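K.L.:
Can you keep this structure in mind? I'll have questions shortly.
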Amino acid sequence: MPERVLVTGGAGFVGSHIVVELARNGYQPVVLDDFSASTPAIRSRLEAVAGVAVPFITSDIRDVNALRAAFHDYPITAVIHCAGLKKVAESQSRPLGYYDVNVGGTLALAQVMGEAGVATLVYSSAASVYGDTGEVPVDETVAPCPSSVHGRTKLVVENFLRDLAQANANWRIGVLRGFNPSGAHSSGMMGEAPRGPATHLLPQLARVAAGEAADLVICGDDWDTPDGTCIRDYVHVQDLADAFVRALRHVASRHNGTLTVNLGSGAGHSVLEVVAEFERACGRPIPRVIGPRRPGDIARSCANPQQAAAKLDWRATRGLDAICADAWRWQRNGGRY
Ligand SMILES: NC(=O)c1ccc[n+]([C@@H]2O[C@H](COP(=O)([O-])OP(=O)(O)OC[C@H]3O[C@@H](n4cnc5c(N)ncnc54)[C@H](O)[C@@H]3O)[C@@H](O)[C@H]2O)c1
């Protein structure tokens, strides 16, 4: 009997690719999402790519009664928790909303998991917990010092999950610090589909290349980096999804307590380098302007991926060229659900 895994935020960018990867590995995913940043229209694509039926539960993660119903209706044995708010700049002006959904949502989930006797959880944390540590690449032993509200909400959740596992040895928790999930499914059928203006670099590039947006706005060219633009560790979303399934298998079978792992390629690329690679992928120039720095941003962020290799036997297998080629293929197919 395949295991049922609840994927909160499973209609979103990261969650939907995890759903596909779970199905590919013989699990039966169930999606819970309120579609505040996604759309139920993704379901038919998701099922076509995953090759299985995927039940969808429409619910806010903070709704404990809806969560109870989900655990009652499906024999869920584990949860991958991706539901949350993720925009660093937006988080600076909406702290209440970000704490409410990211922290409050996780408290509600943990409460209901406890009631249901389900103790295996993989949490989609983020590189933003580190902040500007000055360490590049950064490994998991570096003390987090988030420089944004988003990062602080992620760190509060991480610490809560460690406290939970400390208090009760039944919990098996993976805390995965994703760096910059990017690209799209190689089928061209799934990808990042932000509502309204895109805030992440790859969808911004795709929309400019497709003529849907005028210029790429580069958020500052006076950072302390070789070309003055921010450096990030871009990791292909399918590689990231693979890591989540490995982490699920690892914590479920071999790990009590909390396992914290960075998920990045280990290589940093500046905004201008990504622009050049995207121009190669789409075969056209990207018009760009220099705008102001975004609140909460930092100059460099890059993972040391050794722990992921050692604990999960995982490494990023797709480079920036595949990230740009897949993001462009998705955009040419419409870039939306
Ligand atoms: N994309 C990134 O750059 C990145 C990097 C590291 C970590 N993460 C983390 O991974 C997770 C998923 O990111 P993503 O890029 O897929 O974002 P996303 O916005 O595409 O997906 C999040 C999903 O959660 C849903 N959601 C939001 N609030 C909800 C609520 N209250 N109840 C139920 N569902 C809700 C949204 O509708 C959406 O489908 C987030 O927690 C994010 O912080 C993202």
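K.L.:
Take the residues of region 60-92 that are assigned to a loop (DSSP other than H, G, I, E, B) and among the small types (Gly, Ala, Ser): which is farthest from GLY296 (Cα to Cα)?
P.N.:
Only one residue tops the list, namely ALA83.
K.L.:
I would also like to ask the following. Going through region 44-94 one residue at a time, which ones are out of contact with any Pro (no Cβ under 6 Å at 6 or more places or on another chain), of a type in the set (S, T, N, Q) and either within 10 Å of the ligand (Cβ to nearest atom) or within 30 Å of PRO146 (Cα to Cα) (or both)?
P.N.:
THR58, SER59, SER91, SER93
Yes/no per residue for (1) closer than 30 Å to LEU22 by Cβ; (2) touching a strand residue (DSSP E or B) at 6+ places or on another chain (Cβ under 7 Å); (3) basic (Lys, Arg):
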{"site": "LEU263", "(1), (2), (3)": "yes, yes, no"}
{"site": "VAL271", "(1), (2), (3)": "no, yes, no"}
{"site": "ALA276", "(1), (2), (3)": "no, no, no"}
{"site": "ALA281", "(1), (2), (3)": "yes, no, no"}
{"site": "GLY296", "(1), (2), (3)": "no, no, no"}
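K.L.:
Does PRO203 satisfy being in a strand (DSSP E or B), in contact (Cβ under 8 Å) with a residue 40 or more places away in the chain and not acidic (Asp, Glu)?
P.N.:
no
K.L.:
Find the residue count for region 171-192, including only residues that are over 16 Å from GLN238 (Cβ atoms) and either at pLDDT below 95 or within 12 Å of the ligand (Cβ to nearest atom) (or both).
P.N.:
Initially, region 171-192 is screened for residues over 16 Å from GLN238 (Cβ atoms), giving 171-175, 177.
Keeping just the survivors that are either at pLDDT below 95 or within 12 Å of the ligand (Cβ to nearest atom) (or both) gives 175, 177.
Of the residues in that region, 2 qualify.
K.L.:
Can you pull out every residue in region 34-61 that is within 19 Å of the chain's Cα centre (by Cα) and closer than 19 Å to LEU121 by Cα?
P.N.:
ASP60, ILE61 - these are the residues of region 34-61 that are within 19 Å of the chain's Cα centre (by Cα) and closer than 19 Å to LEU121 by Cα.
K.L.:
Filter region 113-139 down to the residues that are within 15 Å of the ligand (Cβ to nearest atom) and surrounded by fewer than 22 Cβ atoms within 10 Å (Cβ to Cβ) and list them by number.
P.N.:
Listed by number, the list holds a single entry, GLY131.
K.L.:
Can you pull out the residues in region 25-38 that are away from the ligand (no atom under 16 Å from the Cβ) and touching a residue at least 40 places away in the same chain (Cβ under 8 Å)?
P.N.:
ASN25, TYR27
K.L.:
May I ask you to list the residues in region 251-276 that are out of contact with any Asp or Glu (no Cβ under 9 Å at 6 or more places or on another chain) and of a type outside the set (D, E, K, R)?
P.N.:
VAL251, SER253, HIS255, ASN256, GLY257, LEU259, VAL274, VAL275, ALA276
K.L.:
Pairs, please: C-beta under 6 Å, at least 6 apart or cross-chain, first residue within 20 Å of LYS86 (Cβ to Cβ) and in region 101-125, second among the aliphatic types (A, V, I, L, M) and surrounded by fewer than 19 Cβ atoms within 10 Å (Cβ to Cβ)?
P.N.:
Correct list of pairs: VAL103/VAL156; ALA108/VAL64.
K.L.:
Among the residues that make up region 163-183, is at least one of them under 15 Å from the mean Cα position of the chain (by Cα) and assigned to a loop (DSSP other than H, G, I, E, B)?
P.N.:
yes
K.L.:
State yes or no: is THR229 surrounded by fewer than 18 Cβ atoms within 10 Å (Cβ to Cβ) and either within 24 Å of ALA322 (Cα to Cα) or touching a Leu at 6+ places or on another chain (Cβ under 6 Å) (or both)?
P.N.:
no
K.L.:
Taking GLY9, is it within 12 Å of the ligand (Cβ to nearest atom), touching a His at 6+ places or on another chain (Cβ under 8 Å), closer than 23 Å to ASN180 by Cα and modelled with pLDDT of 95 or more?
P.N.:
Yes: the conditions hold for GLY9.
K.L.:
Considering region 272-298 alone, what residues qualify as being closer than 20 Å to SER128 by Cβ and in a loop (DSSP other than H, G, I, E, B)?
P.N.:
Residues satisfying the conditions are PRO292, ARG293, ARG294, PRO295, GLY296, ASP297, ILE298.
The values are calculated or read from the model by the stated rules, or taken from the named source; none is laboratory data. Everything numeric here is computed off the predicted structure, so don't read it as measured data. All Cβ positions, even for glycine, are placed from backbone atoms using ideal geometry, and neighbour counts span all protein chains on display.
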